[in-house]
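Shown next, in structure tokens, is the structure this report addresses.
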Amino acid sequence: MGSDAATWNASPQPVGPSQWFFPDADEWPDQDLVAGGADLEPPTLIDAYSRGLFPMLVSSLPETLGWWSPDPRGIIPLEGLRVTKSLRQSLKKFDVRVDTCFEQVVRGCGDPRRPDGWITNDFVRAYVRLHELGWAHSVEVFDREGQLAGGLYGVRIERFFAGESMFHRQRDASKVALVALVDLMLETGMTLLDTQWLTDHLESLGAVELPRREYLRRLAAAIDT
């Protein structure tokens, strides 16, 4: 993996406490949307991810920032990623790097031409700031001509990685990024890869669902220092 991968293991900068209050998990409603409001500042985001929450706009109220914890929750077991024969062939066609063009990857994921897009400029700015502080990372896939073919990004806290989004401009490029991410997580002793919801696409790659309570148990173990 050619990259500035040293950034992967660099200690992130402290972000301090959040000014917002998130309810404890035993007070959450029996639905995926747990709370609304707050902001996308680094302390808010890190506190939320540590609690098993992530931000996304509420489709019925497009100006409202929602905090979500799906039940059940999608994850990819690191030893259970499915790599087909054709994907193994694709792995040979690309170069993979880490954290060399984070904003480009986020904007690729937020391409307004994609259906069901939710990554606004506010989200781009928020995650670029997290990246600058060492909390957010991208895995980038380049073709042999040096063009960005796909990638993914997310948030790392200790042994936990919250996958936020992925995109591809060439066939299998996002899958190649996922394979590289899982390899990197295994190499560095990480334990939990969150995919938020389970989609048919992710299920074909080995993703499974966990009850919210079990997910939160695994999250607590993964971020325990």
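Identify the trypsin sites (Lys or Arg not before Pro) of region 129-225 meeting these criteria: DSSP loop state and at most 16 other C-beta atoms within 10 Å of the C-beta. Counting only loop positions with at most 16 other Cβ atoms within 10 Å, the trypsin sites (Lys or Arg not before Pro) in region 129-225 are 144, 169, 171.
The helix-only estimate of mean residue ellipticity at 222 nm for the chain, built from DSSP H runs of length n ≥ 4 each weighted as -39500 (n - 2.57), is -9000 deg cm²/dmol after division by the residue total.
The coefficient of translational diffusion for region 73-223, derived via Stokes-Einstein from the alpha carbon Kirkwood radius under 4 °C and 1.567 mPa s, stands at 83 µm²/s. Using only Cα atoms, find the angle between the long axis of helix 173-187 and the longest principal axis of the chain, and express it within 0 to 90 degrees, rounded to the nearest 10. That helix lies at roughly 70 degrees to the long axis. In this simple spin-label approximation, residue 213 and residue 104 carry label points 7 Å from Cα along the Cα→Cβ vector, and these lie 4.7 nm apart.
Note on the chain: GNM, Cα springs under 10 Å; of 110, 52, 37, the largest mean-square fluctuation is that of 37. The length gained on full extension between residue 87 and residue 132, counted as 0.36 nm times the residue separation minus their Cα-Cα distance, comes to 13.0 nm. Here region 125-142 and region 68-94 have alpha carbon centers that stand 20 Å from each other.
Restricting the chymotrypsin sites (Phe, Trp or Tyr not before Pro) of region 1-91 to loop positions (DSSP other than H, G, I, E, B) with no more than 12 neighbouring Cβ atoms within 10 Å leaves 21.
The GNM of the chain, with springs linking C-alpha atoms under 10 angstrom apart, assigns the highest mean-square fluctuation among 188, 84, 199 to 84.
Counting 0.36 nm for each residue step from residue 10 to residue 183 and taking away their Cα separation leaves a gain of 60.5 nm.
Rule-based calculations on the coordinates, nothing more; no lab input. Keep in mind it's a predicted model, so treat the numbers as computed, not measured. Ideal geometry is used to build each Cβ from the backbone, glycine not excepted, and the neighbour counts take in all protein chains shown.
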